[in-house]
Amino acid sequence: MLLDELKNIVGENGWTSDADDLEPHLTERRGRITGKTPIMVSPGTTGQVSRILRTCSRYGTGVVPQGGNTGLCGGAVPDSSGEQVLLSLSRMNHIRNIDVDDFSITVEAGCILADVQDAAAARDRYFALSLGAEGSCQIGGNLSTNAGGINVIRYGMAREQVLGLEVVLADGTVWDGLRSLRKDNAGYDLKQLFLGSEGTLGVITAATLKLHPDPGNMLTTLVALDSANQAVELLAYLRSKLGQRIHAFELMSDRCLRIVARYLPDTRHPYGQEYAWYALIDVAADDGPDVVERILGEALAHGRAVDAIVAKSEHEAERLWHMRHTISDAQRPEGACLKHDISVPIGKIAQFIGRAQSLVSAAQPSCRLVVFGHVGDGNVHYDVLQPKDADAEQFRADGQVLTEAIYGLVTELGGSISAEHGIGVTKKADLLKFCDATGIQLMRTLKQALDPQNILNPGKVI
């Protein structure tokens, strides 16, 4: 029997069918998607993952890989059938090797992102991936969703941090691609197939990742702006003056900060007055803050910004970043929300925000907008909060028309309907509607080739 075989593979401490143990693994982070499973298996080795997939393949049973379950599209939760096996990678959390001379680190998929960062820092190296959930998300999930975060402007997406992968395929075959080569043109770059595939093509069990020199001291500043377009112009100006020293450039509307200050303890609006927009910026300033502060002063003098607050301590910088990272959590008391994780070319960010606001005003004039994102990579989180007196479920149901209008605008501007959160189950229909038909067919071809029985995260993405 399948369940007995799985229990034998992982041993007494490697599985659970207890409802209380399973509960936090069966609901996605926002609480809107809940599934069922007869068992969650937690293998401790790649060999055990291989045996699990080989066994499930023999039975034709679906397997849902799960990391920290911090995703926002339902991609790591089993469906409601109660027939899919949940595969947790949490026990595979060892750092296998750090090579300081090679600037690389090899880690297992269940490693918490913050632990990878700390392990690198302990050896005077820097792992660049950073996002709000880094204290609980796992590196396997980060890679399988191609996570973004705040440092994309300087270091790129998760896929750009990867040198090699270890992956278990649907039939249990293990592909050992754990190499740290920067140059390798011996055929296809196979690791790229699995990065961003959300566990539908293979289960990532380990990765060799790029490390970087410690960037040293960071200057953090919160700059007040009149418009989103001013943010784009300021970023261009700072990049021309500071180049690769800019690590993060985050855009936030004033409502973002007001909501955080209203609902989260120990927070307050950083400015005594309200401006329309703000940019939260991190700049490497290992040679001291004087040069950066002078350039900021020049930007203010030339009308590229309205005001600026420079964090005078690490604690002040952490408080500013805490406000940015908690925007999504602070929205929850405000009611239902239509969330749009989109990207457009950087030069079209202001155009998107302006035109999208017109769409929202025409369709739902009482809605409130919470807009924030990563200007340096064109990623905008465009959240539409329900009117205060609206029914939440009805608002969500009616909101699909508005969401499709927003995605239509994104497509017109040459953007993407999913910048960093993935597709999961919540965006499957949108993927088919707004993405290129040839691209969809190529995805289907890859899925059929690598997982002909459709047992890997079935029902997700494609």
(request) Mind listing whichever residues of the stretch 1-33 are of a type in the set (Ser, Thr, Tyr) and loosely packed, with under 14 Cβ neighbours inside 10 Å? (result) Ser17
(request) Among what's in the stretch 274-291 and is touching a strand residue (DSSP E or B) at 6+ places or on another chain (Cβ under 6 Å) and among the β-branched types (Val, Ile, Thr), pick the residue that is nearest to Leu369 (Cα to Cα). (result) Ile281
(request) Among the helices (runs of 4 or more DSSP H) lying completely within the stretch 102-160, list those that include at least 2 residues that are within 26 Å of Arg29 (Cα to Cα) and either in the same structural domain as Ala279 (by TED's automatic domain parsing) or of a type in the set (D, E, K, R) (or both). (result) 113-122
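Matching residues to (1) hydrophobic (A, V, I, L, M, F, W, C); (2) farther than 26 Å from Gly141 by Cα; (3) touching a strand residue (DSSP E or B) at 6+ places or on another chain (Cβ under 8 Å); (4) modelled with pLDDT under 95:
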| position | (1), (2), (3), (4) |
| --- | --- |
| Gln400 | no, yes, no, yes |
| Ser416 | no, no, yes, no |
| His421 | no, no, yes, yes |
| Lys427 | no, no, no, yes |
| Cys435 | yes, no, no, yes |
(request) Pull up the stretch 166-186, narrow it to residues that are touching an Asp or Glu at 6+ places or on another chain (Cβ under 9 Å) and part of a strand (DSSP E or B), then point me to the one that is farthest from Arg245 (Cα to Cα). (result) Val174
(request) Taking Ala405 as the residue in question, decide whether it is hydrophobic (A, V, I, L, M, F, W, C) and not assigned by TED's automatic domain parsing to the domain that holds Trp277. (result) yes
(request) For residues that are more than 21 Å from Thr200 (Cβ to Cβ) and of a type in the set (Gly, Ala, Ser), scanning just the stretch 144-184, find the one that is surrounded by the most Cβ atoms within 10 Å (Cβ to Cβ). (result) Gly149
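Per-residue answers, yes or no, for (1) outside the structural domain of Glu83 (by TED's automatic domain parsing); (2) in contact with a Gly (Cβ under 7 Å, 6 or more places away or on another chain); (3) surrounded by 13 or more Cβ atoms within 10 Å (Cβ to Cβ); (4) without any contact (Cβ under 8 Å) to a residue 24 or more places away in the chain:
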site: Leu409; (1), (2), (3), (4): yes, no, yes, no
site: Gly422; (1), (2), (3), (4): yes, yes, yes, no
site: Leu431; (1), (2), (3), (4): yes, no, yes, no
site: Leu442; (1), (2), (3), (4): yes, no, no, yes
site: Thr445; (1), (2), (3), (4): yes, no, no, yes
(request) Tell me, please, whether a residue that is touching a residue at least 60 places away in the same chain (Cβ under 8 Å), outside any strand (DSSP E or B), over 20 Å from Lys460 (Cα atoms) and not assigned by TED's automatic domain parsing to the domain that holds Arg123 can be found in the stretch 63-84. (result) no
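The values are calculated or read from the model by the stated rules, or taken from the named source; none is laboratory data. This structure is a prediction, so every number in the text was calculated from the model and none was measured. Heads up, the Cβs are rebuilt from the backbone with ideal geometry, glycines too, and the neighbour counts pull from every protein chain shown.
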